[in-house]
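Novice: Mind having a look at this structure? Questions to follow.
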Amino acid sequence: VIKKTWKDADKSILKSLPSPEVDRPYELKMKQPELTFMGVHEQPDFATLFILMYPNGKIIELKSLKIYLQQFRDIIISYERLINVIFEHMM
């Protein structure tokens, strides 16, 4: 069995949309209450993920974000690296 690691996370799943509000700045908050992933000991692990964004012309399409986060169910990754990978992919 080939094990997936954080390097296998596919950022191309994430899609963007034009921001619905371009004339003024605003804050976008998202909560993923049950993010699941494989911990470093290859046991299921859980986290709550909060994303805070200040859109600048584009926003993340929420369905693509949901599918993107679901891929981590099969990826072996630590909490610390998980947050950094998601941050890098969203930038």
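Values quoted throughout were computed directly from the atomic coordinates according to the rules given, and no laboratory measurement underlies them. Everything numeric in this text was worked out from a predicted model, so none of it was measured. When we count neighbours, we look across all protein chains shown, and the Cβ atoms used for this are built from the backbone with ideal geometry, even at glycine.
Novice: Examine region 48-65 for a residue that is within 16 Å of His89 (Cα to Cα), without any contact (Cβ under 8 Å) to a residue 24 or more places away in the chain and in contact with a strand residue (DSSP E or B) (Cβ under 8 Å, 6 or more places away or on another chain), and state whether such a residue exists.
Specialist: yes
Novice: Then there is this: Restricting attention to region 80-91, report how many residues are surrounded by 13 or more Cβ atoms within 10 Å (Cβ to Cβ) and either among the β-branched types (Val, Ile, Thr) or within 13 Å of Val40 (Cβ to Cβ) (or both).
Specialist: 5
Novice: Take region 1-25 and flag every residue that is assigned to a loop (DSSP other than H, G, I, E, B) and surrounded by fewer than 13 Cβ atoms within 10 Å (Cβ to Cβ).
Specialist: Filtering region 1-25 for residues assigned to a loop (DSSP other than H, G, I, E, B) gives 1-3, 9-10, 14-15, 19-25.
Of everything in region 1-25, those that are assigned to a loop (DSSP other than H, G, I, E, B) and surrounded by fewer than 13 Cβ atoms within 10 Å (Cβ to Cβ) turn out to be Val1, Ile2, Lys3, Asp10, Pro20, Glu21, Val22, Asp23, Arg24, Pro25.
Novice: Surrounded by 14 or more Cβ atoms within 10 Å (Cβ to Cβ), of a type in the set (Ser, Thr, Tyr) and either in a helix (DSSP H, G or I) or at positive phi (or both), is that true of Ser64? Even if it seems obvious, please write down each step before you answer.
Specialist: Numbers: surrounded by 14 or more Cβ atoms within 10 Å (Cβ to Cβ): yes; of a type in the set (Ser, Thr, Tyr): yes; either in a helix (DSSP H, G or I) or at positive phi (or both): yes.
In short, yes.
Novice: Quick check on my filter: what residues within region 41-61 are surrounded by 13 or more Cβ atoms within 10 Å (Cβ to Cβ) and closer than 20 Å to Arg81 by Cβ?
Specialist: Within region 41-61, Asp45, Ala47, Leu49, Ile51 meet the criteria.
Novice: Pick out the one residue from Ile67, Ile75 that is of a type in the set (A, V, I, L, M, F, W, C) and in contact with a Ser or Thr (Cβ under 8 Å, 6 or more places away or on another chain).
Specialist: On the way: Ile67 fails: in contact with a Ser or Thr (Cβ under 8 Å, 6 or more places away or on another chain).
The match here is Ile75.
Novice: Looking at region 26-47 only, could you name the residues that are assigned to a strand (DSSP E or B) and either in contact (Cβ under 8 Å) with a residue 60 or more places away in the chain or farther than 18 Å from Lys63 by Cα (or both)? Please lay out each step first, then the result.
Specialist: Let us first name the residues in region 26-47 that are assigned to a strand (DSSP E or B), namely 28-38, 44-47.
Those that are assigned to a strand (DSSP E or B) and either in contact (Cβ under 8 Å) with a residue 60 or more places away in the chain or farther than 18 Å from Lys63 by Cα (or both): Phe37, Met38, Pro44, Asp45, Phe46, Ala47.
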